[in-house]
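Here the structure comes first, spelled out in C-alpha cells, and everything after it is commentary.
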Amino acid sequence: MPQTIIEKIWDDHQITDLGDGTSLIYIDRIFLHERTGSVALKGLEASNRDVRDPEQAFCTMDHIVDTTPGRDDNTRMPGGTAFIQTTRKAALAAGINLFDLGDQRQGIAHVISPEQGIALPGVTLVCPDSHTGTLGGLGALAWGIGSTEAEHALATKTLVIKKPKTMRVTFNGELSTGVTAKDMILTLIGRHTAAGGIGYAIEFAGNAISKLSIEARLTLCNMTIEFGAWSGLVAPDEKTFEYVRGRPFAPAEDQWDQAVTYWQSLQTDPEASFDKEITIDCSEIVPQVSWGTSPMHEIGIDRHIPNPADEPNENIRTSMERALDYMGLEPGTPMDGVPIDAAFIGSCTNSRVSDLRAAAEILKGRKIADGVKAICVPGSGLVKKAAEEEGIDKIFTDAGFEWRESGCSMCFYAGGESFGLEERVISSTNRNFENRQGPRTRTHLASPTTVAASAIKGHITDVRNINISKTDQD
Amino acid sequence: MEKFTVLEGIAAPIMRINIDTDVIIPSREMKRVSKEGLSDGMFSNWRYTEPGGREENPDFILNQEPYRQASILLSSDNFGCGSSREHAVWAMAEWGIRAIITPGFGNIFYGNCVRNGILPVILDNKIVEKLAKQVESDPDNNLIKVNLKNCSVTGPDGNKYSFKIAPADQEMLLEGLDGIAITMRQDHEIMAFQERDKLKRPWIYI
Ligand code: SF4
C-alpha cells in the first residue's frame, strides 16, 4: 500500500499496536533543557528510575541562562539559578550528554540539535518543549511533549501515542525577493488559523520547499505548533544529506551509505493519500507581520489592520477586539508605518547563521533609528562564532544592536529581562501571546530581515523597499 | 495519580479561543524545580490586578463565588495551545480543576492532562456554548456531570452528550496508573525491537 513519509517513519518505530490507533513508539533521541527537563530528571530520580540509554539523551541550558556577556549560573530570572544547577547535577548523574554554560556548543535546543547531528532524517525525536517540531526541517519526526512524558521517554525509550492524521501543505511557485520561510509559515497560519493543524502531522512539499535551504526549512517547521499541528516535516533530499554529513553525532563514514540509502526511501509514495491537502501559491506571499496576540493575527506588510466588525464568527471577533486592545492598535491603520520601541533577532525560529547574515545585509552601513532598543541573540555558541568569523557581529553592533551570548533570551519572559510595559517590539520569534515578551509588552512577529529593516526606520516597514537581493531559496 | 471515574461539580465558563499555556501559567510563576506550589500562579495575568501581584481582580470569574469551587472548566477551541509547560496542568490540578470541556485542545496539553488526573473532554462547540449559558444562569445549582466510565457529559437540563477518548488514556485516568509502569510490562518487546532495529539503522545506537 502506498504510504506517506509520516506513515513510513511511524511504521519503522512502532513496537506494538495498542489498538484504536494508539501505538507504543520507539524514541531515537531525547532532548532536554533546564526549564522543563529539570523536573523530568528530578521526577525520575525521585522514583528511582534510570535513564534507559543515556548516550542517546541530550540536555542544554537555554531558557533560563542569562545572555549578557560574562554570564554565569546567576540569572535575572527569580529562582533561575536553582533550575540551572539542579539540571546540571541531574544530567551529570544520569550520564546524558550535556551542553553546559561555557561549552561553545551550548545554545537553544532546536538550534544545536541539527548543528550537532543529533536530529537526523527519519528519527523520532522528542523534547519537553513545544518547538521541537523544528527538526522536521531535516526530515525528522519530532514533537514537543510534557515533563511526565519526558520521564516516560527517558525511562523506557518509548512513548504511547495516538497516530496523527496526515496533511500535506504544498507550496508552489517562486518566492519574491524579500520573502522568507517565516513569511510562508505565517501565511499558512493566517489563512488557516492557529487551530488549523490540530491532530495532524504535516508534510511540507512542493517545488518552493525543495528550493529552501535547510536552515529555512527549520524555520518553516519551527512554527507548525503555532498552526496547532502535532508535528511537521520536509522529506530529506540531497541538501539534507550534505547538511548532515560529518556532524559530531551523525552517522560515521562507515555507516554513511547505509544511512543515505535508508533516508532516500523516506519519500511519500506517488499514490499515497493524505487526510487533508492545502496548497499555497508562493507568488502571492509578501513579507508578513503579526498585528495581534495569536500568530493567526497576521497580515501582509502592504495591508491595513483588520476590523473585527467585519468578522462574522463571534469567537474570532471577540479575540480580535481583545487583541487590538492589548496591542494598542486601531482597525484600518496601515501595517507599514506602525512605530516601534524595540527590535529582537533571535529564538529557535530565526537565530541561525543564515538569518543573521540576511539581517546583516540590511544593517550594513546603516544605523538603527533613535530610541529603538535592538538586540541580537545568536542561537548557539557555534552560530555566534561563525557569525563573528564573518564579521557579522561588527555589522550588528555598528548599527546599534546589542550582540549577546546564545540562549532563548527575550523570546519569552520569566521574570527576568523584558522590553517593558506597552513597549512595541518587532521580533523574529514565534509567539506574540499576551505578556510573552514581558508584562503588557506588544510583540509583532516578522522575519529577521523585516525586523532589521524596521529597526532602521523606527517603524514597521516593508523590507522590499530597502536594498535586498537574497531570498531563502538558493 | 488520583483516579477519575465520575465527577459532578460547578463549572466555570471561560469562553475564549486559543487560551495558551502562557496565560494558564506565566513563565515567571514557575519559580521552583517542582510540580507543587503552582496554583497561586494559575491565570495570574487575569486573576490579579498587577503582573506579579497578588491583589485579586474581582472581574475574573475564578475570583467570584461560587466559581471559586469550580472543578470543571468550559472553554473554546484550541485550549492549552502554545508552550509545552506541564506546569499549566500541575497548577490547574492543584487549584482543583478535574475536567476541562472544550471543542479542542493543544496536543501536548491534552497529553499532560491525562498524565495528571485531569480529564480533557472534547465536545462540539455548540454544545459547550450551550452548557456555558446554562451554567451561567445559576452556577450553584446547574452542575455538570462527567462520567469517564461511559464517556458522557450530562448538562444541567439532563441532556447527555458522549465524547471520545483513547482506551489507553481512559485506562490511565480510570485506574490512576503510572504510564511508565504500564509500558515496562512490554520491556521484552522494546528489547526485541532494539535488536532488530540495530541491524536496520545502526547509526541510531550511539
Ligand atoms: S527560543 Fe523561544 S520558542 Fe524557542 S525554545 Fe526558546 S523560549 Fe521556546
| task | Take the residues in the stretch A:76-104 that are among the hydrophobic types (A, V, I, L, M, F, W, C) and in contact with a Pro (Cβ under 7 Å, 6 or more places away or on another chain), then tell me which one is nearest to the other protein chains (Cβ to nearest Cβ). | result | A:I96
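Can you pull out the residues in the stretch A:53-75 that are facing chain B (nearest Cβ under 9 Å) and more than 16 Å from the ligand (Cβ to nearest atom)?
A:D53, A:E55, A:Q56
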| message | For a quick check of your reading: which strands (runs of 3 or more DSSP E) sit entirely within the stretch B:92-206 and have at least 2 residues that are under 28 Å from A:D129 (Cβ atoms) and assigned by TED's automatic domain parsing to the domain that holds B:I61? | response | B:99-102, B:119-122
| Filtered residue count, the stretch A:126-160, keeping only those that are under 16 Å from B:Y110 (Cα atoms) and among the small types (G, A, S) | 5
| So how many residues does the stretch A:188-199 have that are open to solvent by 10 Å² or more (accessible area, probe 1.4 Å) and touching a helix residue (DSSP H, G or I) at 6+ places or on another chain (Cβ under 6 Å)? | 1
| message | For the stretch B:101-120, check the following and say yes or no: at least one residue is hydrophobic (A, V, I, L, M, F, W, C), farther than 17 Å from B:I165 by Cβ and surrounded by 23 or more Cβ atoms within 10 Å (Cβ to Cβ). | response | no
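Yes/no per residue for (1) assigned by TED's automatic domain parsing to the domain that holds A:L141; (2) within 18 Å of the chain's Cα centre (by Cα); (3) open to solvent by 10 Å² or more (accessible area, probe 1.4 Å); (4) within 16 Å of the ligand (Cβ to nearest atom):
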{"site": "A:G178", "(1), (2), (3), (4)": "yes, no, no, no"}
{"site": "A:L186", "(1), (2), (3), (4)": "yes, yes, no, yes"}
{"site": "A:A201", "(1), (2), (3), (4)": "yes, yes, no, no"}
{"site": "A:A205", "(1), (2), (3), (4)": "yes, no, yes, no"}
{"site": "A:I209", "(1), (2), (3), (4)": "yes, yes, no, no"}
{"site": "A:N222", "(1), (2), (3), (4)": "yes, yes, no, yes"}
{"site": "A:I225", "(1), (2), (3), (4)": "yes, yes, yes, yes"}
{"site": "A:S231", "(1), (2), (3), (4)": "yes, yes, no, yes"}
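Residues checked against (1) assigned to a strand (DSSP E or B); (2) touching a helix residue (DSSP H, G or I) at 6+ places or on another chain (Cβ under 6 Å); (3) open to solvent by 20 Å² or more (accessible area, probe 1.4 Å):
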residue: B:V23; (1), (2), (3): no, no, no
residue: B:K31; (1), (2), (3): no, no, yes
residue: B:K35; (1), (2), (3): no, yes, yes
residue: B:D40; (1), (2), (3): no, no, yes
residue: B:N45; (1), (2), (3): no, no, yes
residue: B:P51; (1), (2), (3): no, no, yes
residue: B:R54; (1), (2), (3): no, no, yes
residue: B:D59; (1), (2), (3): no, no, yes
| field | the stretch A:297-318, residues that are assigned to a loop (DSSP other than H, G, I, E, B) and surrounded by fewer than 19 Cβ atoms within 10 Å (Cβ to Cβ) | value | A:D302, A:R303, A:P306, A:N307, A:E311, A:P312, A:N313
| query | Out of A:D50, A:D11, which single residue is open to solvent by 10 Å² or more (accessible area, probe 1.4 Å), more than 9 Å from chain B (Cβ to nearest Cβ), more than 16 Å from the ligand (Cβ to nearest atom) and in contact with a helix residue (DSSP H, G or I) (Cβ under 9 Å, 6 or more places away or on another chain)? | reply | A:D50
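Here's the yes/no breakdown for (1) of a type outside the set (G, A, S); (2) over 30 Å from B:G53 (Cβ atoms); (3) open to solvent by less than 40 Å² (accessible area, probe 1.4 Å):
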| site | (1), (2), (3) |
| --- | --- |
| A:L356 | yes, yes, yes |
| A:K367 | yes, yes, no |
| A:P378 | yes, yes, yes |
| A:K384 | yes, yes, yes |
| A:I392 | yes, yes, yes |
| A:M410 | yes, no, yes |
| query | Identify, please: which residue in the stretch A:401-416 is more than 19 Å from the chain's Cα centre (by Cα) and not in a loop (DSSP other than H, G, I, E, B) and is, among those, farthest from the other protein chains (Cβ to nearest Cβ)? | reply | A:W403
| request: Show the residue pairs that are 6+ apart or on different chains and have beta-carbon atoms under 6 Å apart, the first residue being within the stretch A:399-412 and within 14 Å of the ligand (Cβ to nearest atom), the second being assigned to a helix (DSSP H, G or I) and open to solvent by less than 10 Å² (accessible area, probe 1.4 Å). | output: A:F412/B:S27
| message | Here is a check on your reading of the model: is B:N147 of a type outside the set (F, W, Y), within 14 Å of chain A (Cβ to nearest Cβ) and open to solvent by 20 Å² or more (accessible area, probe 1.4 Å)? | response | no
| field | Evaluation of B:A93 against (1) open to solvent by 20 Å² or more (accessible area, probe 1.4 Å); (2) within 7 Å of chain A (Cβ to nearest Cβ); (3) hydrophobic (A, V, I, L, M, F, W, C) (one fails), failing number | value | (2)
| query | Can you tell which of A:E242, A:E215, A:E277 is within 30 Å of A:T450 (Cα to Cα), touching an Asp or Glu at 6+ places or on another chain (Cβ under 9 Å) and open to solvent by 30 Å² or more (accessible area, probe 1.4 Å)? | reply | A:E215
| message | Which numbered condition in (1) of a type outside the set (A, V, I, L, M); (2) open to solvent by 30 Å² or more (accessible area, probe 1.4 Å); (3) touching a residue at least 60 places away in the same chain (Cβ under 8 Å) is the only one that A:S294 fails? | response | (2)
| message | Within the stretch A:434-457, take every residue that is under 23 Å from B:Y48 (Cα atoms) and away from the ligand (no atom under 15 Å from the Cβ) and give me the one that is farthest from the other protein chains (Cβ to nearest Cβ). | response | A:R442
| Take the residues of the stretch A:417-433 that are within 12 Å of the ligand (Cβ to nearest atom) and of a type in the set (G, A, S): which is nearest to the other protein chains (Cβ to nearest Cβ)? | A:S427
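Of B:R68, B:R98, which residue is open to solvent by 20 Å² or more (accessible area, probe 1.4 Å), more than 9 Å from chain A (Cβ to nearest Cβ), within 9 Å of the chain's Cα centre (by Cα) and away from the ligand (no atom under 16 Å from the Cβ)?
Of B:R68, B:R98, the one residue that is open to solvent by 20 Å² or more (accessible area, probe 1.4 Å), more than 9 Å from chain A (Cβ to nearest Cβ), within 9 Å of the chain's Cα centre (by Cα) and away from the ligand (no atom under 16 Å from the Cβ) is B:R98.
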| said: Within the stretch A:424-439, does at least one residue satisfy the condition of being modelled with pLDDT of 95 or more, within 25 Å of A:D103 (Cα to Cα) and either part of a loop (DSSP other than H, G, I, E, B) or open to solvent by less than 10 Å² (accessible area, probe 1.4 Å) (or both)? | reply: yes
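Tell me yes or no: at least one residue of the stretch A:28-45 is in the same structural domain as A:H131 (by TED's automatic domain parsing), open to solvent by 40 Å² or more (accessible area, probe 1.4 Å), in contact with a helix residue (DSSP H, G or I) (Cβ under 7 Å, 6 or more places away or on another chain) and over 30 Å from B:Q194 (Cα atoms).
Checked against the condition, which is being in the same structural domain as A:H131 (by TED's automatic domain parsing), open to solvent by 40 Å² or more (accessible area, probe 1.4 Å), in contact with a helix residue (DSSP H, G or I) (Cβ under 7 Å, 6 or more places away or on another chain) and over 30 Å from B:Q194 (Cα atoms), the stretch A:28-45 yields no hits at all.
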| field | Residue check for A:P78: part of a loop (DSSP other than H, G, I, E, B), within 21 Å of A:G407 (Cα to Cα) and either open to solvent by 50 Å² or more (accessible area, probe 1.4 Å) or not assigned by TED's automatic domain parsing to the domain that holds A:C408 (or both) | value | yes
| Flag for A:T261 being open to solvent by 10 Å² or more (accessible area, probe 1.4 Å) and either among the aliphatic types (A, V, I, L, M) or within 25 Å of the chain's Cα centre (by Cα) (or both) | no
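The values are calculated or read from the model by the stated rules, or taken from the named source; none is laboratory data. Please read these numbers as outputs of a predicted model, since none were measured by experiment. Glycine also receives a Cβ, built like all others from the backbone with ideal geometry; neighbour counts cover every protein chain displayed. Heads up: the accessible areas ignore ligands, DNA and RNA and are worked out on the full protein's heavy atoms, side chains in. Shrake-Rupley method; radii C 1.70, N 1.55, O 1.52, S 1.80 Å.
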